[in-house]
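The values are calculated or read from the model by the stated rules, or taken from the named source; none is laboratory data. Keep in mind that what you see is a predicted model, and the values were worked out from it rather than measured. Methodologically, a virtual Cβ is constructed for each residue, glycine included, from the backbone with ideal geometry; neighbour enumeration extends over all protein chains shown. All accessible areas refer to the heavy atoms of the entire protein, side chains included, with ligands and DNA or RNA removed. Shrake-Rupley method; radii C 1.70, N 1.55, O 1.52, S 1.80 Å.
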Amino acid sequence: MDASICCPGLPDGLSLIREENGLTLTDGKLKMTGDLVKMIPRIKRGIVGTELLVRAARLKDMSGSPTLIDATAGMGEDSLLLAAAGFNVVLCEYNPVIAALLRDSLDRASLVPELSGIIGRMSVHEGDSIEYMRNFRSSGDSSSLVVYLDPMFPERTKNAMIKKKFQLLQQLELPCSNESDLLDAAICAQPHKIVIKRPLKGPLLAGARPSYSVSGKAIRFDCIVLNQQSPSSGS
């Protein structure tokens, strides 16, 4: 039997319920459950390295499991790709409802043999990523640190066809309104580089010009290189 879960920050009209396939967010009509298992085809050896995000984020030297801060983790799909590519990933999520869904998804994925080792390189930080990055102190060489920013894009007024799960998520998280604060905090963490996800023809985040970009058909990743001691493979 489904069981309702009490969670702070849950807006009126939305519920968290425990179903057989995991923790589920619903408004009574739409449902969303985290599912990282579907990512398995994309993380296979020889395939994950072709992902645009991985190409943008990876370092020339990936030995020693470098650290990556995903400052806008959401449901963790991008973080999974980055962990599969060899990063130790800190997933920052400030919304307690999304954080609960994320943890549940990671817990279930950790039981899958193909994912268990990768999930072991992922940890969730529930709270303000801006504060986290401003106070971050790397335990190793900052040349092996990367920060990833994926602020939610504002809804396109000409396109009403939004994926069902995002119809629910958009009731919890609004498009980024503090771009400058987010970017400044990322710089404070003193990473080798910052990777920013943008619509292909979208504006620069906070007007910051990238060192280079990796582009696909619909999106691009702007890369701002700060630490030149260990150049990335894409720079």
Exclusive hit being in contact with an Asp or Glu (Cβ under 8 Å, 6 or more places away or on another chain) and modelled with pLDDT under 95, set Pro175, Pro210, Pro203: Pro175
Within segment 184-205, how many residues are open to solvent by 10 Å² or more (accessible area, probe 1.4 Å) and either closer than 20 Å to Asp78 by Cβ or among the polar types (S, T, N, Q) (or both)? 7
Run down Ala57, Ala73 and say which single residue is farther than 22 Å from Pro113 by Cβ, touching an Asp or Glu at 6+ places or on another chain (Cβ under 6 Å) and aliphatic (A, V, I, L, M). Ala73
Single match in Leu91, Leu106 (criterion: open to solvent by less than 20 Å² (accessible area, probe 1.4 Å), assigned to a strand (DSSP E or B) and closer than 20 Å to Leu16 by Cβ): Leu91
Those residues that are touching a residue at least 24 places away in the same chain (Cβ under 8 Å), assigned to a loop (DSSP other than H, G, I, E, B) and farther than 17 Å from Ser79 by Cβ, I need them from segment 14-59; list them, please. Leu14, Asp27, Leu30
Looking at (1) within 18 Å of the chain's Cα centre (by Cα); (2) modelled with pLDDT under 95, find the lone condition where Ala185 falls short. (2)
The lone condition Pro96 fails out of (1) closer than 13 Å to Leu145 by Cα; (2) open to solvent by 10 Å² or more (accessible area, probe 1.4 Å); (3) touching a strand residue (DSSP E or B) at 6+ places or on another chain (Cβ under 8 Å) is (1)
Being open to solvent by less than 30 Å² (accessible area, probe 1.4 Å) and not hydrophobic (A, V, I, L, M, F, W, C) is the filter; apply it to segment 24-48 and report the residue that is farthest from Ala83 (Cα to Cα). Thr26
When both residues are 6+ apart or on different chains and their Cβ atoms are under 7 Å apart, which pairs have a first residue that lies in segment 118-138 and is touching a residue at least 12 places away in the same chain (Cβ under 8 Å) and closer than 19 Å to Leu183 by Cα, and a second that is in a helix (DSSP H, G or I) and open to solvent by 60 Å² or more (accessible area, probe 1.4 Å)? Ile130/Asp181; Met133/Cys188; Arg134/Cys188
